[in-house]
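To keep things clear, I will list the structure first and then write my remarks on it.
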Amino acid sequence: MSLLSPPAFNFSMLPSNLIPGDANPPWMSKGDNAWQLTAATLVGLQSVPGLIILYGGAVKKKWAVNSAFMALYAFACVLLCWVCWGYRMSFGEKLIPVWGKVDVALEQDYLFQKAFLGMFPNATMVFFQFVFAAITLVLIAGALLGRMNFYAWMLFVPLWLTFSYTFGAYTIWSSNGWLSVNGIIDYSGGYVIHLSSGVAGFTAAYWVGPRSTKDRERFPPNNILLMLAGAGLLWMGWSGFNGGDPYAANIDASLAVLNTHVAAATSLLTWLVLDVIFFGKPSVIGAVQGMITGLVAITPAAGVVQGWAAIAIGLCSGSIPWFTMMVVHKKSELLQKVDDTMAVFHTHAVAGCLGGLLTGLFAHPKLCYLFYGNYNKYYGLFYGLHDGQSHKGLRQMGLQLLGILFIIAVNVVMTSLICLLVQLIVPLRMSEEDMEIGDEAAHGEEAYAIWGQGDRLEKSAGFSDTAAGAAKSSYNTSRSQVEMV
């Protein structure tokens, strides 16, 4: 044996649970693999059942089943498409700088290989990336609730995943993607997921058209407590959403989780204060919207900014989307014309843009090094100015802005083309008669039959005139929080 050769390592000296074997290759970290599967499951729970019950509770009673079912269908459909072609188009071999080659992720030989990042197998990475793709389609559904033909939605989901989502994912997240190689920062999907879903949802809502006049005028949530349960799953699930993106159970994952919740809480409280100041009452629906905008805005920055920056991002995400929703929306003819049922444009597109730009300001070079492994390539503008590296900070801001423009362009164009194609096959929109009926017409099922559409509440037995008046007053006060028209 050469004197320069290191002695062979005796694996038998290791504890039995650390000895490599056929099911435990030497390159795999059991801890990282366990955390990655856990994080993926947390993100999956954000959609099923999180957004299912959030949508089901937040819409008018007659749309509860349809709204929940749109989310459930998207989750199942995306998984099948993802393993058959979507994953490799998003993270596989390069076809062009913004798109990967079509291939399956089903074969044992491939799934047991080491993933392109992290110390776990491809099977884990495929599942982890799937839940992100799925929630993007579920978020788009939020803009289309209350009128989209379910058969059109069944066609829209696989087409949009294939011809829109894969572009953004490959370009920004793949190791060979155009913007990824150049140094854009999107820690966990502020661009790929939230900006994409906000823009695509708004664009699709334009082509599908608005809800019925009656529904646009009055669309009370049928169960606010159920909506809150879904919102709670969404919030807590974000621990996996942002905590899973270092692809390791390390200190950066811990920082990302903490920053996520700090920003969400700050944003919720900021939105709440603005509601009290300008509307005179704290609105629980407004609080949920503030929570969501905080979670969205911190997503591109979660593990690359310090705690004080997470608070600053929360302050911005609780105020700027509030302003666009409560002020700009009511003065814009375009925003008034497009019927975005769950205000996805404001809570995801606006907040996603905001988070991406604030990431360009606050990204700390050392934290970027922990995440990306490169100290000089990723540089927030504030730190660039402080360190005499202003050119690096300005370059980072330019890349963040370029990413926004790219995602907007891809989603407006591809979503429009997909909607135009789908409407050649089936109508995008339900008939006026079916929209008047809702779930019964679309699925032959109803969520429950306790009250009517909110109109008969004060007429029910034992419900006093005083209580009815209080209920009406409370509803009217918070109506602007539900209906953005």
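The values are calculated or read from the model by the stated rules, or taken from the named source; none is laboratory data. Everything numeric here is computed off the predicted structure, so don't read it as measured data. We place every Cβ from the backbone using ideal geometry, glycine too, and count neighbours over all the protein chains shown. Keep in mind that these areas ignore ligands, DNA and RNA; they rest on the heavy atoms of the full protein, side chains included. Shrake-Rupley method; radii C 1.70, N 1.55, O 1.52, S 1.80 Å.
Couple of notes before you dig in:
- Residues that are assigned to a helix (DSSP H, G or I) and within 18 Å of GLN396 (Cα to Cα), drawn from segment 157-194: THR171, ILE172, TRP173, TRP178, LEU179, SER180, VAL181, ASN182, GLY190, TYR191, VAL192
- ALA134 meets all of the listed conditions (1) touching an Asp or Glu at 6+ places or on another chain (Cβ under 7 Å); (2) open to solvent by less than 10 Å² (accessible area, probe 1.4 Å) but one, namely (1).
- Conditions (1) open to solvent by 10 Å² or more (accessible area, probe 1.4 Å); (2) touching a Pro at 6+ places or on another chain (Cβ under 9 Å); (3) polar (S, T, N, Q); number of the one not met by ASN222: (2)
Listed here are the residues, each with its yes/no results for (1) touching a helix residue (DSSP H, G or I) at 6+ places or on another chain (Cβ under 7 Å); (2) modelled with pLDDT under 95.
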residue: PHE219; (1), (2): yes, yes
residue: ALA229; (1), (2): yes, no
residue: MET236; (1), (2): no, no
residue: TYR247; (1), (2): yes, no
residue: HIS261; (1), (2): no, no
residue: ALA264; (1), (2): yes, no
residue: VAL276; (1), (2): no, no
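- Criterion (in contact with a Ser or Thr (Cβ under 9 Å, 6 or more places away or on another chain), among the hydroxyl-bearing types (Ser, Thr, Tyr) and either within 30 Å of ASN374 (Cα to Cα) or open to solvent by less than 10 Å² (accessible area, probe 1.4 Å) (or both)) met by exactly one of SER175, SER197: SER197
Table: residues versus (1) free of Cβ contacts under 8 Å to residues at least 24 places away in the same chain; (2) within 24 Å of ALA249 (Cα to Cα); (3) assigned to a helix (DSSP H, G or I).
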site: PRO26; (1), (2), (3): yes, yes, no
site: LEU42; (1), (2), (3): no, yes, yes
site: GLY50; (1), (2), (3): no, no, yes
site: ILE53; (1), (2), (3): no, no, yes
site: GLY56; (1), (2), (3): no, no, yes
site: ALA71; (1), (2), (3): no, no, yes
site: PHE75; (1), (2), (3): no, no, yes
site: LEU80; (1), (2), (3): yes, no, yes
site: VAL83; (1), (2), (3): no, no, yes
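- Considering the conditions (1) touching a Gly at 6+ places or on another chain (Cβ under 9 Å); (2) farther than 30 Å from GLY56 by Cβ; (3) open to solvent by 30 Å² or more (accessible area, probe 1.4 Å), VAL413 is excluded by exactly one of them, (1).
- Scope segment 304-327; condition farther than 20 Å from LEU401 by Cα, in contact with a helix residue (DSSP H, G or I) (Cβ under 7 Å, 6 or more places away or on another chain) and either in a loop (DSSP other than H, G, I, E, B) or among the β-branched types (Val, Ile, Thr) (or both); matching residues: ILE311
- Taking segment 306-321 as the range and being surrounded by 24 or more Cβ atoms within 10 Å (Cβ to Cβ) and either more than 20 Å from the chain's Cα centre (by Cα) or more than 24 Å from GLY244 (Cβ to Cβ) (or both) as the test, the residues that pass are ALA309, GLY318, PRO321.
- When LEU155 is tested against (1) surrounded by fewer than 24 Cβ atoms within 10 Å (Cβ to Cβ); (2) touching a His at 6+ places or on another chain (Cβ under 6 Å), exactly one condition is not met: (2).
- Number of positions in segment 418-446 that are touching a residue at least 60 places away in the same chain (Cβ under 8 Å), open to solvent by 20 Å² or more (accessible area, probe 1.4 Å) and assigned to a helix (DSSP H, G or I): 10
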